[in-house]
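The values are calculated or read from the model by the stated rules, or taken from the named source; none is laboratory data. Keep in mind that this is a model prediction, so the values were computed, not measured. Note that each Cβ is placed from the backbone with ideal geometry, even for glycine, and that neighbours are counted across all protein chains shown.
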Amino acid sequence: MTGCRVCDREKQEDSVYCEHHQAAYSNLEESYLQWRRALGLSWTEYLEKVGKVSGTGIWVKEVIKVILSGG
Amino acid sequence: MTLRDGSVQYHVARRRGDELLIVSALGHLYALTQLGIGWTYPIYEMKWVPASQVNRASTRVKAYIKTISTLSRGVDRFISACDYDQEGSLIAYNALKYAVGEHSLARSRRMLYSTLTRTDLVKAWETMEPTLDYPVIAAGKTRHETDWLFGINLSRALTLAVRKASGAKKTLSVGRVQGPTLSFVKEREIALRGFVPIPYWKVYAETVISGEAYPLEYEKQRLEWEVQARELASECRGRDGKVVGIEKRSERLLPPPPFNLGDLQREAYRVFKLSPTTTLGAAEKLYLGTYISYPRTSSQCLPPTLDLRGILEKLSKHPAYAKHAEELMSRSKLKPRQGKKDDPAHPAIHPTGAKPRRLLENEAKIYDLIVKRFLLCLGMPAIRGKIDGEVDVNGHSFYLMGSKTTKKGWLDMYAPYVEDKETTLPELEVGMVIPVTKLSIRRSYTKPPRRFNPSSLLRYMENHEIGTKATRANIIDTLYRRGYIAGRRIAITDLGLRIVETLEEYCPSILSVEMTRELEESLEEIQLGKKSLEAVTEDVKAALKPILSQFKDKETEIGAAIAGASAGSRVEEGAT
């Protein structure tokens, strides 16, 4: 196994992320439905918005940064 | 008469023809150390030695041991008068066994008391137990020995693993209470770092009645979609509302029960932001000064035998408490509010009535809290009248909500530590038309779980029955000292996170709440005489063996996993 796309931890099987960043990514995916219903945003618009909200967790912000930079 | 033996003070008294020699013990005079040499693990054999041999900071211990040993010559019986709990009983037992000699144990008795007032001490003297409280001593001894076994072995295993992997000389530690506590902080941290806020909308509206503005609460706390919020705003903005219903009710607010240690620590944190350790330290000083009862108690109950009127009588001599103490004394019957938790050894914390002299700032704060809580638990309930007016605005329900305390009761006794929030409403009538003068919608986001602070972590430990009332605050301090957690709003450091993750992988049992709870139950059974010290200690050794052997086998991997973080402990943002 090689490293997580975000940090130096080992990535999980069937994922490009480690356990923590994979959990953060799953939370992001799960919450998208509620954001889309609430504001009608596209996936990219959603990521940009969530990344700027103060309560967003640091691991979620790190995942967003990697996705938006095309990683 | 007070005398000195070198640096140690002791007292000589007479009672009914007997000469009494009274000497204090300065906490634990004896501590556990390994049998044999070498800084390695596993270690299963231990012995009790003077604490100065284990901890170089315990410099005064030698002098106390010498004094106890010297004074014991020619003494025909011994009385353990240490605090009535596992620690106190063990302190006296070890002092007798090792400083005086094993022969003293058969000639020893036990005094039991919860305050250091003259009345209680004389009563404890006259009704003392015929022997030492051996089951309590055994439970205390088992707690020390099993904690030592976990602590010494796992701490050495962690430290040596990191040393082997990186050469770093940092000392790491973990214990059977530290582990689950750190795990609680880690779980909270994971939830915070992985949190995704969800948007929602709130409606803020206002009306003006007789020139005064009042908030109008919309029937739904949250709206999930922006479009819903906008529709609502356009339908209600600039409209009049009509009062369609009025509901009046009254609420009885019972006084809270008297403090146990956990409640006192939480309240002192809420009111003064004092850490649990500082509060315990101040409470212990107050106890030693005879101003309050024994603070290390779980009880929220005052026993029926407690002389409530006697205490009130004394408190009525303090200008700060005279008014409420006299008011309570004028009642024909005093019935304290009792809590659910009880402690067979000690009552809830209460003042003795003795007037304190020269208290330090924190001691004075804690004393004031304890006295006021004692007074108010004897006080009358407060009565609060509530009124809700339902207002229809173009088919949408809003509410005008008011409350007024009609009888202050105990709230009056707890000033300035309780805030009595009131919202007075004007007279409302069904059919009354009121204008919606302001209406706005605001977007908010769901909030991540709150970080623990020392007080909320202590409560969490208490709720999960982790540690004891006497040790919880110390455990939290140790986690700070080791660099596993940081900040008043507690964040786990990278080192703390790596330690938990490593333990989760190689010895999850040390993080398990169940394991430490089972051990607490075993200690309880020892205290009740249902289990033996030896059986419990052997169980712990058996549980440790496979864990330590796995640690040895994987030392390099474990060390490498932790070493990266221990080099520089990063703290997650948001921690202060």
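Quick one: would you say B:L288 is hydrophobic (A, V, I, L, M, F, W, C), within 23 Å of B:M413 (Cβ to Cβ) and out of contact with any helix residue (DSSP H, G or I) (no Cβ under 8 Å at 6 or more places or on another chain)? Answer is no for this residue. Of everything in the stretch B:98-121 that is in a helix (DSSP H, G or I) and at pLDDT below 90, the residue that is surrounded by the most Cβ atoms within 10 Å (Cβ to Cβ) is B:D120.
Taken over the stretch A:19-48, the residue count meeting the criterion of being in contact (Cβ under 8 Å) with a residue 12 or more places away in the chain and over 12 Å from the mean Cα position of the chain (by Cα) is 1.
Within the stretch B:63-84, the residues that satisfy the criterion of being in contact with a Gly (Cβ under 9 Å, 6 or more places away or on another chain), surrounded by fewer than 21 Cβ atoms within 10 Å (Cβ to Cβ) and of a type outside the set (A, V, I, L, M) are B:K66, B:S69, B:S72, B:C82.
Of all residues in the stretch B:491-514, those satisfying the criterion of being touching a residue at least 60 places away in the same chain (Cβ under 8 Å), under 21 Å from the mean Cα position of the chain (by Cα) and either within 21 Å of B:V536 (Cβ to Cβ) or surrounded by fewer than 23 Cβ atoms within 10 Å (Cβ to Cβ) (or both) are B:L511, B:S512, B:V513. Applying the set (1) assigned to a helix (DSSP H, G or I); (2) touching a Ser or Thr at 6+ places or on another chain (Cβ under 9 Å) to B:S58 leaves exactly one unmet item: (1). Residues that are in contact with a Cys (Cβ under 6 Å, 6 or more places away or on another chain) and among the hydroxyl-bearing types (S, T, Y) within the stretch A:8-31 comprise just one, A:Y17.
Of all residues in the stretch A:59-71, those satisfying the criterion of being free of Cβ contacts under 8 Å to residues at least 12 places away in the same chain and surrounded by fewer than 16 Cβ atoms within 10 Å (Cβ to Cβ) are A:S69, A:G70.
For the stretch B:196-219, a residue qualifies if it is β-branched (V, I, T) and either within 14 Å of chain A (Cβ to nearest Cβ) or within 36 Å of the chain's Cα centre (by Cα) (or both), and the qualifying residues are B:V196, B:I198.
Within this structure, B:L253 passes the test of being in contact with a Ser or Thr (Cβ under 9 Å, 6 or more places away or on another chain), under 26 Å from B:H324 (Cα atoms) and among the aliphatic types (A, V, I, L, M). Can you tell me which of A:E45, A:E13 is assigned to a helix (DSSP H, G or I) and either within 13 Å of chain B (Cβ to nearest Cβ) or not aliphatic (A, V, I, L, M) (or both)? After applying the criteria, what remains is A:E45. Condition check for A:S54 on (1) within 14 Å of chain B (Cβ to nearest Cβ); (2) in a loop (DSSP other than H, G, I, E, B); (3) surrounded by 13 or more Cβ atoms within 10 Å (Cβ to Cβ): one failure, at (3).
Table: residues versus (1) surrounded by 18 or more Cβ atoms within 10 Å (Cβ to Cβ); (2) modelled with pLDDT of 95 or more; (3) not aliphatic (A, V, I, L, M); (4) not in a loop (DSSP other than H, G, I, E, B).
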| residue | (1), (2), (3), (4) |
| --- | --- |
| B:S250 | no, no, yes, yes |
| B:P256 | no, yes, yes, no |
| B:F259 | yes, yes, yes, no |
| B:L264 | yes, yes, no, yes |
| B:A268 | yes, yes, no, yes |
| B:T277 | no, no, yes, yes |
| B:A283 | yes, yes, no, yes |
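So B:A191 fits all but one of (1) hydrophobic (A, V, I, L, M, F, W, C); (2) closer than 29 Å to B:R472 by Cα; (3) buried (at least 20 other Cβ atoms within 10 Å of the Cβ); what number is the exception? The failed condition is (3). Taking the listed residues B:R156, B:R163, B:R188, the one that is outside any loop (DSSP other than H, G, I, E, B), farther than 30 Å from B:I68 by Cα, among the charged types (D, E, K, R) and within 14 Å of chain A (Cβ to nearest Cβ) is B:R188, with no other qualifying. Scan the stretch B:225-248 for residues that are away from chain A (no Cβ under 14 Å) and either among the hydroxyl-bearing types (S, T, Y) or part of a loop (DSSP other than H, G, I, E, B) (or both) and the total you get is 4.
Scanning the stretch B:8-20 for residues that are surrounded by 10 or more Cβ atoms within 10 Å (Cβ to Cβ) and either over 17 Å from B:R118 (Cα atoms) or small (G, A, S) (or both) returns B:V8, B:Q9, B:Y10, B:A13.
Within the stretch B:286-300, the set of residues being modelled with pLDDT of 95 or more and out of contact with any strand residue (DSSP E or B) (no Cβ under 6 Å at 6 or more places or on another chain) comprises B:Y291, B:Q300. The single residue among B:R222, B:R252, B:R193 that is over 30 Å from B:I547 (Cβ atoms), within 14 Å of chain A (Cβ to nearest Cβ) and within 39 Å of the chain's Cα centre (by Cα) turns out to be B:R222.
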